[in-house]
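Contents: one structure, followed by commentary.
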Amino acid sequence: MAKARQKSKAKPSSTKNKLTESQIAVHWKEEEYLRPSKKFIAQANLADPAFVKKFDEKHFPECFDLYASLLDWDKPWRKTLDSSNPPFWKWFVGGKLNACYNCVDRHLAKYKNKAALIFVPEPESEPAAVITYQELYKRVNEVAAMLRDFAGLKTGDRVTIHMPMIPELPITMLACARLGIVHSVVFGGFSGEACGLRAADSGSRVLIYADGYHRNGKWVDHKASADIAVHTATKEGQPIEKVLIWQRYPGRFTSDAPVVANRDFFVNDVLKNYRGQTVEPVSQDAEAPLFLMYTSGTTGKPKGCQHRTGGYLAYVTGTAKYYQDIHPEDVYWCMADIGWITGHSYIVYGPMALGATSVLYEGVPQYPDAGRPWRIAERLDVNIFHTSPTAIRMLRKAGFHEPKIYNYHFKHMTTVGEPIEPEVWKWYYEVVGKSQAVIVDTWWQTETGGFLCTTKPALDPMKPGSAGPAALGIYPVIWDEEGKEVKAGSGHAGNICIRNPWPGIMQTIWGDPQRFVTQYYKKYNKNPKSKNWRDWPYYAADGAMLPADGYYRILGRVDDVINVAGHRLGTKEVESACLTIGEIAEAAVVPAVDEVKGRVPVVYISLKPGVPSTKAIQDKVISTIETMIGKIARPKTIHIVPDMPKTRSGKIMRRVLAAISNHMDTGDITTLANPDIVEQIRELVQGRNATPLKEGPEDIKRFGEEA
Ligand code: PRX
């Protein structure tokens, strides 16, 4: 492949109120390609270009049969794709299977004694615990029996799971999958209130918790959050019948929260009645929902992305095999949390369907020091590693040379969740990967189930900072606001869309199919009556650009979502939380660049007349956000301003606030109803001396456009 040397010229930033993609010139240095080693290629799952050809557009959709055939089906599918009711696709129509059977039972014949999960507790004094596939099978069956016979759950019911990174989390998920119970895992770092709202939305009667866990050297009392979740769900009209509590140390309750009689039950006690029981996996229709994963969008309310059994499992298994290069004999460690989609697809379902050994780490990467991940890798002989740019930046900052001290050898590494700066990528490659491991930068989303853009590790050269070409069977396109294609090599950015359906795409938004259509398909659909899938491109709400070499570079969100440390945060959710405070009149949340976390939320508030601006109000904002959403949404700064910059129709110009927070040009403000406020806010935020303007990143330039 020819070296990409295409550069686009810097253009002065637009003075118009709204930048269109064609006005945004993206200027960045093209990086040199790096190639995988011969050793890696020799053992790779995907090294045959003929396999790639099978995913050419002319073979769509049947190309995806190659992924589905990696699974064991109880009944084969009749048709690969039914696209007769766009955008509600049906994959592997008529097929039946069970996700738990595919991740557990089918490995017993060959791998019964192989480690399925290796749990690494955060305290280094506690040894790692190995769960073999045989042990996993036993434990999943017992939990399934308990869920069915004690909790009264049956196929199609939803259950909300709010648990930390302990093995009981994947065990519970797999037990649900065995029975066709739709699990909804809420990230442990979300507050009890956030969990309760999600439980109510999904109609869960049962909550599953852990009493506590270790995090960053501290003990987190998690059970207390269950009581808040029950209260919130009940207030929302969804009574919770049972709370099942896993004990981090079986037999010992490590929480100060009370145990509510006839509602709270210790799983370890109840399980005694189900010892040795087996439960037949329920044969599920390929389209039966497997799980819900709530994520932030452009409105205040998080949406439940509903993923199907057959298509999802096929897609994550295929992509884990070909892009992560997982073989059963590998030791694979994804440092994400199972409470996010990365953990669902690439800790639990994909790797386990392949019979992998998956490492589960309870704590934070840099505890007790920045050498911890590399000690774990050395000890367990991890050879496939998967993490986010935020974790890489953090470890690089805290222990630049640390990886060199430890004797581990990765063959493969993944980066996911945010754009990665080329210099950070190079540290990951040279220092963490010891210039031996191949890297894939995988771009995708909660909604998409699995990877959309990434290099094929043995076939495509790597390019620091770029996700790479489209994944097999994915046909992206970049359009401008008017629907005109932004061609490869044009040097301009636009909105990345996927022209075709694929098996990993979510089925719908739980309980809100209309929102599913408007959020993801309306923007570029020209004929809502069309029954042709070609008229229904998926709108990802990410900005991207495409140089002549076909390597997509993802620039970040173009909607009201900000990406904090690789986690999606809806600015409208944070604003809604602020507005519950009686003293606050208006709130606007914007992203600011952070050298470790990528982006962090900055809150602007204006107060009701007569309310004095005090530190107490700022503290109230922080505590309210932490209570309603969780610590992950904690703002970096809170500015109390006399008024918000507004259009004549009264709309808050968040774009102007984002520009000020990032020392960027605010663009044309003469059309504002109150242009004078801009200078006042700038002085308040940046101080009296005017700071030189910076050329900020694309997502910040475009922030708030979609509103
Ligand atoms: O903006 C993109 C960014 O993360 C968003 C999706 O977040 P979430 O649904 O939480 O899923 C995260 C794990 C897949 C996207 O809209 N993003 C994800 N991967 C990348 C990325 N940005 C740049 N490069 C990536 N590799």
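The values are calculated or read from the model by the stated rules, or taken from the named source; none is laboratory data. What you see is a predicted model, and the numbers here were worked out from it, not measured in a lab. Heads up, the Cβs are rebuilt from the backbone with ideal geometry, glycines too, and the neighbour counts pull from every protein chain shown. Side chains included, ligands, DNA and RNA excluded: accessible areas come from the protein's heavy atoms. Shrake-Rupley method; radii C 1.70, N 1.55, O 1.52, S 1.80 Å.
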How much of residue 400 can a 1.4 Å solvent probe reach, expressed as accessible area in Å² and rounded to 10? 90 Å²
Residues other than residue 271 with Cβ under 12 Å of its Cβ, Lys/Arg counted +1 and Asp/Glu -1, net out at 0
Just how far, in whole angstrom, is the stretch 74-135 from the stretch 202-256 if you go by their alpha carbon centroids? 26 Å
Set of aspartates and glutamates near residue 608 by C-alpha distance (under 15 Å), chain-local residues within fewer than 8 positions excluded: 583, 586, 643
Note down, for the chain, the three equivalent ellipsoid semi-axes (square root of 5 times each alpha carbon gyration tensor eigenvalue), biggest first, whole angstrom. 38, 32, 26
Which number gives the lysine pairs in the stretch 611-707 that have C-alpha atoms under 19 Å apart and are eight or more places apart or on different chains? 5
Would you work out if the stretch 478-543 is rounded, prolate or oblate? Take a ≥ b ≥ c from the square roots of the eigenvalues of the alpha-carbon gyration tensor; rounded if a/c is under 1.5, else prolate when a/b is larger than b/c, oblate otherwise. prolate
So how do 145-154, 251-260 stack up, highest first, on mean other-Cβ count within 10 Å? 145-154, 251-260
How much length is gained if the chain between residue 435 and residue 512 is pulled fully straight, taking 0.36 nm per residue apart and subtracting their Cα-Cα distance, in nm to one decimal? 23.0 nm
Relative to the compact globular guide of 2.2 N^0.38 Å, what is the alpha carbon radius of gyration of the stretch 271-314, as a ratio? 1.74
When you count, for each residue, the other Cβ atoms within 10 Å and take the mean per peptide, how do 273-279, 164-170, 609-615, 547-553 rank with the highest first? 164-170, 547-553, 273-279, 609-615
Under a Cβ-Cβ cut-off of 9 Å, what is the net charge of the residues other than residue 240 that fall near it, where Lys and Arg count +1 and Asp and Glu count -1? +2
Give me the accessible area of residue 48, 1.4 Å probe, in Å² rounded to the nearest 10. 80 Å²
Can you bin the stretch 572-655 into rounded, prolate or oblate? Criterion: square roots of the alpha carbon gyration tensor eigenvalues sorted a ≥ b ≥ c, rounded for a/c under 1.5, prolate for a/b above b/c, oblate for the rest. oblate
The convex hull of the Cα atoms of the stretch 402-541, divided by residue count, gives a volume in Å³ per residue of 138 Å³
Between residue 623 and residue 680, what is 0.36 nm times their sequence separation minus the Cα-Cα distance? Round to one decimal in nm. 17.8 nm
Restricting to Cα pairs under 8 Å and 6 or more apart, the percent relative contact order of the chain works out to 14 percent
Among beta bridges that DSSP assigns inside the chain, antiparallel share in %, nearest 5: 60 percent
If N is the residue count of the stretch 64-184, its Cα Rg over 2.2 N^0.38 Å rounds to 1.25
Ranking by accessible area, most exposed first, for 265, 516 with a 1.4 Å probe: 265, 516
For the chain, with all protein chains present and a 1.4 Å probe, just round the carbon and sulfur fraction of the accessible area to a whole percent. 52 percent
Cα gyration tensor category, rounded, prolate or oblate, for the stretch 189-312 with a/c compared to 1.5: oblate
Using only the alpha-carbon atoms of the stretch 594-707, report the extent along each of the three principal axes, biggest first, to the nearest angstrom. 38, 38, 32
Antiparallel DSSP beta bridges within the stretch 409-497, as percent of all bridges there, nearest 5: 55 percent
Helix-derived mean residue ellipticity, 222 nm - over the chain, DSSP H n ≥ 4, -39500 (n - 2.57), to 500: -7000 deg cm²/dmol
For the stretch 575-707, what is the percent of antiparallel DSSP beta bridges, rounded to the nearest 5? 70 percent
Measure off 7 Å from each Cα along the Cα-to-Cβ vector at residue 407 and residue 249, then give the distance between these two points in nanometres to one decimal. 3.4 nm
With r as the distance between the Cβ atoms of residue 269 and residue 614 and R0 = 60 Å, compute the FRET efficiency 1/(1 + (r/R0)^6) and round to 0.05. 0.75
Can you pull the three principal axis extents for the Cα set of the stretch 371-467, in Å, largest first? 36, 25, 23
Listed by chain and number, the aspartates and glutamates with an alpha carbon less than 14 angstrom from that of residue 301, same-chain partners under 8 positions apart left out, are 193, 201, 236, 512, 560, 573, 575
Here, residue 423 and residue 579, labelled 7 Å along Cα→Cβ, have an inter-label distance in nm of 4.1 nm
In sequence order, what are the phi-derived ³J(HN,Hα) couplings for the stretch 43-60 according to the Karplus relation 6.51 cos²θ - 1.76 cosθ + 1.60 with θ = phi - 60°, rounded to whole Hz, with x for glycine and proline? 10, 6, 5, 10, 10, 9, x, 5, 5, 4, 4, 5, 9, 4, 4, 5, 9, 6
May I ask you to order 351-364, 459-472 by the average number of other C-beta atoms within 10 Å around their residues, highest value first? 351-364, 459-472
Sorted by chain and then number, the residues having a modelled amide H within less than 5 Å of the amide H of residue 585, at least 5 places away or on another chain, are 606, 607, 608
At what distance in angstrom do the alpha carbon centres of the stretch 403-467 and the stretch 583-605 lie from each other? 29 Å
How charged is the neighbourhood of residue 426? Take every other residue with its Cβ under 14 Å from the Cβ of residue 426, and add Lys/Arg as +1 and Asp/Glu as -1. -1
Quick check: residue separation of residue 234 and residue 221 times 0.36 nm, minus the Cα distance between them. What number comes out in nm? 2.5 nm
Whichever lysines have a C-alpha closer than 17 Å to that of residue 523, once near sequence neighbours (fewer than 8 apart) are set aside: 484, 531
